[in-house]
Amino acid sequence: MSTHRIWDSFVAIMQKEFVHVVRDRATLIAALAIPLFQLTLFGFLDQTVRHVPTVVVDQDRTSASRQFVEQLEATDTFRVVAVTSDPREARERIVEGRARVGVVLPPEFGAARAQADPSKRASVLVLIDGSDSVVSAQALAAVNGVAAKVNLDTISERVGAAAQPVIDAHPLVLFNPSGRTANYIIPGLVAILLQIVATVLTAVAIVREREKGTLEQLLVTPVHPLGLMLGKLAPYLILGMGEMALILMAMRFAFQVPIQGNLVFLFVMAVVYLFSLLSLGLFVSTRAKTQAQAQQLAQLFFLPSVFLSGYIFPASGLPRPLYAIGRVLPATHMVEIMRGVVLRGAGLMDLLPNVLALIAISTVLLGLSVRQFHKVTA
């Protein structure tokens, strides 16, 4: 074969493929948009913890205690969401996930700080949610930094015997005091693993029927679209629950991660979560033309669920638009539910906002799937 014929063949096939790529708009957009989206996503991700919800238990109510709270907020690490005098409220808010840090300023805090007696220091108890290792580590460092700055400023102002530290910070890490990585990573990983299986498997459900030519046979039968969708979901839901049971057994016995909360409540929430993922997969399946395209669209939701859900990076480090996107992803709420139940022993009322959000997302996704199926079959 001559070089000229090889070149002509190459040019002809290349032109044909370019025409095919340009006409396949969905694949073209995915090929261009996914890398740009990933670049934007990775570029804006920040592991710096900011505005951590903090409860202040101010039992002193003096200018000294208020000044210390202002110094905490000035670090930009803490955001005071409540001021109370009851230490139990701080712990309850941490269990519910409405706060990550509790700062307890005891009575006579201001008096002890003002005294020149080095044996009487102002003690500060800091309760830190250890179920999020990134937040707990940076919150601990920030509190110690504020205490060190106050002590340094006081020493520079005083001389002689009075030139002693005036504040002792006593951090107490709750729920994961040893800082064990498995206790933090694995509960969130359960939500991510379930998404991989549930979304990808159901993403090809309708497309497979269309490619095999059996979708038309289904349409001529007296099958209601909602019944069809629920029938498609049921086998994968049972499969997902079986996988959930295996993962929890491995988490408990192989990785020695204790489950502090109610196991029945955890499984009920897993059903709701899987239902939302399966509905998302079906919605993708009704939009896609081929199985390969369906899998690509399903993978499009995977990276945001990993990086915007708070599983790896703290949500407080996200820009507002990405944070808003993260709040509408099912994985975000399931990660918080898993960590709340497994590590903090939280119950239904403690996690009610996440539970309601997950139920709402599941309902909306199923509705979109049924509506899109109506359009496909119209």
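Label points 7 Å out from Cα along the Cβ direction at GLN256 and ASP86: separation in nm?
3.8 nm
Cα gyration tensor of region 50-130, axes a ≥ b ≥ c as square roots of the eigenvalues: rounded (a/c below 1.5), prolate (a/b > b/c) or oblate?
It comes out prolate by the Cα gyration axes.
What percentages, rounded to whole numbers, describe P(r) for region 181-377 computed over all alpha carbon pairs with 5 Å bin width beginning at zero?
Values per bin, smallest distances first: 1, 8, 16, 20, 19, 15, 10, 7, 4, 2, 0.
Sum up the charges of everything whose Cβ sits under 13 Å from the Cβ of GLU92, counting Lys and Arg as +1 and Asp and Glu as -1, but leave GLU92 out.
Summing Lys/Arg as +1 and Asp/Glu as -1 gives 0.
Between beta-carbons, use under 14 Å as the cut-off and find the net charge around ILE361, counting Lys and Arg +1, Asp and Glu -1.
Spelling it out: positives minus negatives among the neighbours equals 0.
Assign one of three labels to region 225-304, namely rounded, prolate or oblate, based on the Cα gyration tensor with a ≥ b ≥ c the square roots of its eigenvalues; rounded applies when a/c is under 1.5, prolate when it is not and a/b is larger than b/c, and oblate otherwise.
Because a/c hits 1.5 or more and a/b exceeds b/c, region 225-304 counts as prolate.
Computed from the coordinates by the stated procedures, all read-outs in this text should not be read as laboratory data. These numbers come from a predicted model, not from an experiment. When we count neighbours, we look across all protein chains shown, and the Cβ atoms used for this are built from the backbone with ideal geometry, even at glycine.
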